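The values are calculated or read from the model by the stated rules, or taken from the named source; none is laboratory data. The model shown is predicted, which means the values in this text are computed figures rather than measured ones. Cβ placement follows ideal geometry from the backbone for every residue including glycine, while neighbour counts extend to all protein chains displayed.
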Amino acid sequence: MSKTLAEKTYSIIEEKIVKLEYKPGSFITENFLEKNLKCGRTPIREAIQKLAREGLIKVLPRKGLLITEININDQLNLVQVRREIERLMAKLAAKNSNTNERKKFREISYAMKKCKKNNTAKFIKLDSQMNDLLSVTCDNEFVRRAIKLVASLSRRFWFYRNKGQLEDLLVMAKLHSAVCDAIAQGNENLAQSKSDKLMDYIENFTKQSINTI
């Protein structure tokens with residue numbers, strides 16, 4: 001299904017915020033976005049509403065659009081919520097995936113294991129594929145909506161903390177691969193357990209970042 005103009009506009013702005021082109025704490029305006037994206041006001045306003053719901057933007061009347069700061073306490077609270085959503089998604093994916101989808105999880109797992117230490121771009125692409133497949137196979141629209149509310153803030157934190165490079169890429173790839181393998185086996189309990197281990201690592205990483213933010 002092709003994206004609407006508003007969805008495309010959202011994706012472009014979200015990417016610029018997540019990858020820190022629009023820096024935390026900075027102000028932008030609708031006029032700036034219209035000129036920068038060469039887009040009309042209606043799709044931009046729809047995108048802004050969605051970004052505001054996700055916590056990436058605050059709309060300040062007569063001032064403009066504030067790109068929200070990165071707050072470590074908010075990030076820790078977000079990890080708590082994300083842990084529960086990710087665990088449920090892994091369980092549902094293990095339960096619902098068909099033969100072809102399980103094959104795709106195995107392929108992603110294999111590719112993750114082959115990731116090289118400095119190949120951040122490849123890992124990010126595989127991570128995106130895994131997330132898309134999880135979203136489909138969990139087969140629950142409410143879960144899909146819930147993960148979208150925390151996904152962008154999570155991604156932005158990683159880019160901010162790692163400056164676009166995952167120093168622990170091999171560890172992250174191994175943990176993601178284990179989740180994919182458990183789902184491919186159709187083992188719901190194991191999928192939840194591997195998801196928890198991944199989130200344990202992410203939570204510890206977040207806590208270690210307290211003195212660097």
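Any chance the range 139-156 includes a residue that's assigned by TED's automatic domain parsing to the domain that holds residue 98, of a type in the set (Asp, Glu) and assigned to a helix (DSSP H, G or I)?
Taking every residue of the range 139-156 in turn, at least one turns out to be assigned by TED's automatic domain parsing to the domain that holds residue 98, of a type in the set (Asp, Glu) and assigned to a helix (DSSP H, G or I).
Suppose we filter 10, 22 for residues that are free of Cβ contacts under 8 Å to residues at least 60 places away in the same chain, in contact with a strand residue (DSSP E or B) (Cβ under 8 Å, 6 or more places away or on another chain) and surrounded by 12 or more Cβ atoms within 10 Å (Cβ to Cβ); which single one remains?
22
May I ask you to verify whether residue 69 is acidic (Asp, Glu) and at pLDDT 95 or above?
Here the answer is yes, as residue 69 does meet what is asked.
Can you pull out every residue in the range 59-108 that is surrounded by 15 or more Cβ atoms within 10 Å (Cβ to Cβ), more than 17 Å from residue 182 (Cβ to Cβ) and of a type in the set (Lys, Arg)?
82
Can you confirm whether the range 47-61 contains a residue that is of a type in the set (Asp, Glu) and touching a Leu at 6+ places or on another chain (Cβ under 7 Å)?
yes
Here is a yes/no grid of residues against (1) part of a helix (DSSP H, G or I); (2) under 13 Å from residue 82 (Cα atoms):
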residue	(1), (2)
127	yes, no
133	yes, no
195	yes, yes
200	yes, yes
210	no, no
